[in-house]
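Trainee: Below is the structure I would like to discuss, written out as structure tokens.
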Amino acid sequence: MTTTTQPPGRRALWSWALYDFANSAFTTIVVSFIFAIYFAGTLACSAEWAGCLTPEQEAELSLADRMSDTRGQALWGYSQTFITLLVAVLAPIFGAISDLGGRRKPWIFVFSMICIVATVGLFFMRPEPVFIIPAILLVAVANAGFELGIVFNNAMLPSLVGKERVGRWSGWAWGIGYFGGLISLVICLVLVLGAESDAQTLNATLSTNLIVAVWFFVFMLPLFLFTPDQPGKGLPLGQAISKGLQSVAQTGRKILRQPNLRLFLFARMIFNDGAITLFAMGATYAALRHGMELQQIILFGILLNVTAGVGAIVFGWIDDRIGPKLVIIISLVFLILLGVPGLTTPYWLPESVATWAFIGFGAALGTFVGPLQSAGRSFMARLAPEDQRAEYFGFLALTGKATTFLGPFAVATVTIMTNNMDIGMMPIVVFFAVGLVLMFWVKEEAGPQ
């Protein structure tokens, strides 16, 4: 791992951005699409208590009647609760330890490997009840490694570019991340469509976890080879841990004394709940509510990643011109305007076209999810003190995860209470609306320069 005092070149910057390209396969294939659908529709249904419909029962039901098959969606939603709480607690602690030690890349490597190894373990999660709990735990560990690795990768950005280019590089990295998800989905589509029997389809579905692991490892390597790390401060790990724990409390109090930063983090906490829940629950909703097959969901995921990638890249330029606050507000407005009709298509359109309308609205939503997330990163990159970047991004991750259990929990609970998947997804829109109102009061203290 090279350390240098020279300004990083474009190769170093693109190598940093490739980390988003590398880890996007995990969120796309495991969290949002293939494994999420497999868990909710197959693995969870291997237990009688899940109450899932049999294929014969589904064939006899109309699209509206299939709304009663809600337990798979609910169980996946509850499983996400545990994952987000774990990440929320750990992110600022490890960020503070990293700031005291100085170097970022060793932490990125360790947490990335945790994600990769746990993802390999998902290959063995066969559709038997005994594997339901191990699958949830493996996804939790993998997701924790994924999220904590991002904390340290984000903390590298302000040291690689000036504030006048933070927005575009954050957006570009997020954009190529979506295209990484797109390409990995195409590969998985070819693998799954090539299966000629149920047994082969099962093996192909589970093998996508191996593809994710290899993809992540290969494409993260340029970061370690070509992107300079900041010099280590030489503080022994034991002292870094001890002082890091003390620093977390001090930084927390410092942030609470800054009203504008506190309001931004609270607003992001709310609207990020909606964005994460949309991706975590969207695929299971598409499968169970609209009766979409795995191949159709993969194609939908491909379209979603194209629109999200284009949106993140385009708004990356806009971010540097109008500032991240306006990018966030514009994104939230369109997510609300598109979200309500997109999640209620069966009620105002004939069944024959409702699914296609859902796909169209979903693709449009993707255009604004990417900018929403990348602008949050560039906002913090402009505000974080140089000597506390990882810790501040740790608190950004904390506020991004501390209450995200509320999103899946709300969707799961409302779905069960109303026995209606459409109403069950409405909390997502509520999170976007509350976040939008709060963002109007946030001041852009450090805009583009």
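The values are calculated or read from the model by the stated rules, or taken from the named source; none is laboratory data. Since the model is a prediction, treat every value here as computed from it, not as a measurement. For neighbour counting, all protein chains shown are included, and Cβ atoms are generated from backbone atoms with ideal geometry for every residue, glycine included.
Trainee: Exactly one of (1) charged (D, E, K, R); (2) surrounded by fewer than 17 Cβ atoms within 10 Å (Cβ to Cβ); (3) modelled with pLDDT of 80 or more is unmet by Lys233. Its number?
Mentor: Here Lys233 clears every test but (3).
Trainee: Right, another one. Is it fair to say Ala135 is surrounded by 23 or more Cβ atoms within 10 Å (Cβ to Cβ), of a type in the set (A, V, I, L, M, F, W, C) and at pLDDT 75 or above? Talk me through it step by step, then tell me what you get.
Mentor: Numbers: surrounded by 23 or more Cβ atoms within 10 Å (Cβ to Cβ): no; of a type in the set (A, V, I, L, M, F, W, C): yes; at pLDDT 75 or above: yes.
No, not satisfied.
Trainee: Name the residue, out of Ala173, Ala213, Ala199, Ala195, that is free of Cβ contacts under 8 Å to residues at least 24 places away in the same chain, touching a helix residue (DSSP H, G or I) at 6+ places or on another chain (Cβ under 6 Å) and not polar (S, T, N, Q). Reasoning before the result, please.
Mentor: Values: Ala173 fails: free of Cβ contacts under 8 Å to residues at least 24 places away in the same chain; Ala213 fails: free of Cβ contacts under 8 Å to residues at least 24 places away in the same chain; Ala199 fails: touching a helix residue (DSSP H, G or I) at 6+ places or on another chain (Cβ under 6 Å).
Exactly one of Ala173, Ala213, Ala199, Ala195 is free of Cβ contacts under 8 Å to residues at least 24 places away in the same chain, touching a helix residue (DSSP H, G or I) at 6+ places or on another chain (Cβ under 6 Å) and not polar (S, T, N, Q), namely Ala195.
Trainee: Next question. Ser62 fails exactly one of the following numbered conditions: (1) in contact with a Ser or Thr (Cβ under 6 Å, 6 or more places away or on another chain); (2) at pLDDT below 65; (3) in a loop (DSSP other than H, G, I, E, B). What is the number of that condition?
Mentor: Just one mismatch for Ser62, condition (1).
Trainee: Here are some conditions: (1) buried (at least 24 other Cβ atoms within 10 Å of the Cβ); (2) farther than 20 Å from Pro427 by Cβ; (3) modelled with pLDDT of 85 or more. Phe368 meets all but one. Which one does it not meet?
Mentor: Only one criterion is unmet by Phe368, namely (2).
Trainee: Mind checking which residues of region 262-291 are at pLDDT 80 or above and either within 12 Å of Phe33 (Cα to Cα) or among the β-branched types (Val, Ile, Thr) (or both)? It would help to see each step written out before you state the result.
Mentor: Let us first name the residues in region 262-291 that are at pLDDT 80 or above, namely 262-275, 277-278.
Within region 262-291, Ile270, Thr277, Leu278 meet the criteria.
Yes or no, residue by residue, for (1) part of a helix (DSSP H, G or I); (2) of a type in the set (S, T, N, Q):
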position	(1), (2)
Ser112	yes, yes
Ile116	yes, no
Gly121	yes, no
Arg126	no, no
Phe131	yes, no
Ile136	yes, no
Val139	yes, no
Leu148	yes, no
Val151	yes, no
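Trainee: Of all the residues that make up region 156-175, how many are over 15 Å from Ser15 (Cα atoms) and hydrophobic (A, V, I, L, M, F, W, C)?
Mentor: 1
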